[in-house]
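Peer 1: Below are the structure tokens for one structure; questions will follow.
The values are calculated or read from the model by the stated rules, or taken from the named source; none is laboratory data. Since the model is a prediction, treat every value here as computed from it, not as a measurement. Methodologically, a virtual Cβ is constructed for each residue, glycine included, from the backbone with ideal geometry; neighbour enumeration extends over all protein chains shown.
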Amino acid sequence: MINRRGFLALATAGTAATALAACGTGSSSDESSESKSSGGGAGSGFPVEVKHAFGTTKIEKAPTKVVVVGWGDADVVAALGVAPVAAPEVTWGANANKSTDWLDAQLKKIGGKAPARFSDKDGTPVDKIATYQPDLILGTNSGLTKEQYDKLSKIAPTVAYPKVAWGTSWQESTTMIATALGKKAEGEKLMAETKKKISDAVAKYPELKGKTASWVYFTPTNLNTVGVYTPSDNRPRMLAEFGLPDGDGIAKQTKSSKSFFVDLSAEKAAQIDSDIVVFDELQGAEPSKIKSNALLGKIPAIKNDTFVSIKEQKPSAAMSGPSVLSIPVALETFLPQLAAAAKKVK
């Protein structure tokens, strides 16, 4: 399974190509497998059906032991009042529990136990997942292959992503998971509330209006290229939801890509014409090093100091895997940084 969390984490230590090849999230360390679904429990109206890339999954009765294999799926499950029994380890933006602060806070709110954590460094651990005896497996924002899906489906009803691996929006994940849990109305309410939070937060920063932005990455060991996340990735999607689409020039480079990123040679870096660029500040790719680079320094937003270099993993993780739980965190921790850069745009 291609793991975007691994791409982010490994990019800090090696090339993007190495990170993509390794596709990992970290070492394995299981927490208690005694975790049980709790809180409000699943809803009603069963059986329900959920369509996805590999077909249609029928869920006969309200699930009580939900395992997630997708990025952010645990957030949605918990937001709907159900505690997942197991989930992949989080390494990018993780806390000491190999979880996120926003998920832990929600689990505490609903009285749910922390999920057991498993490593998906070497792909989805089907045998390990079977030990949790799930009655529903969710991978709405994942990289599941058809082979992995078929194996998981023999364990329990499994819901994959709607179309493209790792290409699921937070709205799609919320809708699919709410349907699977028999909580469609609750899911719609969560989405409406989240959309309002976004619009209210953006309204506080009029300087964002009319600006463009791109999310890029620099590989510390190879500054001969610059990567740009495409519209199939949730980071540019969230920027667009904040009213900041890609600049016209770079949009031509990314809109036709089927991947979640495109690599440009440093010679073409100046084509990244968005007013603002956002990137994770990695060791070896600090802003000063990017600015002093003869080619990368020609990126307009770098040259004009209208960039956001994210030093903390938490806001980056909240934007990379947006959910109804993480988006409020992004609005609090990331949006002000974006607005500060927008104020510098001339």
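Peer 1: Condition first: among the acidic types (Asp, Glu) and free of Cβ contacts under 8 Å to residues at least 60 places away in the same chain. Now tell me which residues in region 90-110 satisfy that.
Peer 2: The one that is among the acidic types (Asp, Glu) and free of Cβ contacts under 8 Å to residues at least 60 places away in the same chain: Asp104.
Peer 1: Taking the conditions exactly as written (surrounded by 23 or more Cβ atoms within 10 Å (Cβ to Cβ) and aliphatic (A, V, I, L, M)), does Ile137 satisfy them or not?
Peer 2: yes
Peer 1: Give me the residue from region 273-291 that is of a type in the set (A, V, I, L, M, F, W, C) and either modelled with pLDDT under 95 or over 19 Å from Phe242 (Cα atoms) (or both) and, out of that set, nearest to the chain's Cα centre (by Cα).
Peer 2: Once the filter is applied, the top-ranked residue is Leu282.
Peer 1: OK, next. Answer yes or no: is there a residue in region 149-157 that is touching a helix residue (DSSP H, G or I) at 6+ places or on another chain (Cβ under 8 Å), modelled with pLDDT under 95 and outside the structural domain of Asp233 (by TED's automatic domain parsing).
Peer 2: no
Peer 1: List the number of the failed condition for Thr179; all other conditions in (1) buried (at least 19 other Cβ atoms within 10 Å of the Cβ); (2) in contact (Cβ under 8 Å) with a residue 60 or more places away in the chain; (3) farther than 18 Å from Gly321 by Cα; (4) not assigned by TED's automatic domain parsing to the domain that holds Val67 hold.
Peer 2: Of (1) buried (at least 19 other Cβ atoms within 10 Å of the Cβ); (2) in contact (Cβ under 8 Å) with a residue 60 or more places away in the chain; (3) farther than 18 Å from Gly321 by Cα; (4) not assigned by TED's automatic domain parsing to the domain that holds Val67, only one is false for Thr179: (4).
Peer 1: Only one residue in Thr230, Thr254, Thr221 is of a type outside the set (Lys, Arg) and over 30 Å from Ser173 (Cα atoms), so which one is that?
Peer 2: Result: Thr221 is the single residue among Thr230, Thr254, Thr221 that is of a type outside the set (Lys, Arg) and over 30 Å from Ser173 (Cα atoms).
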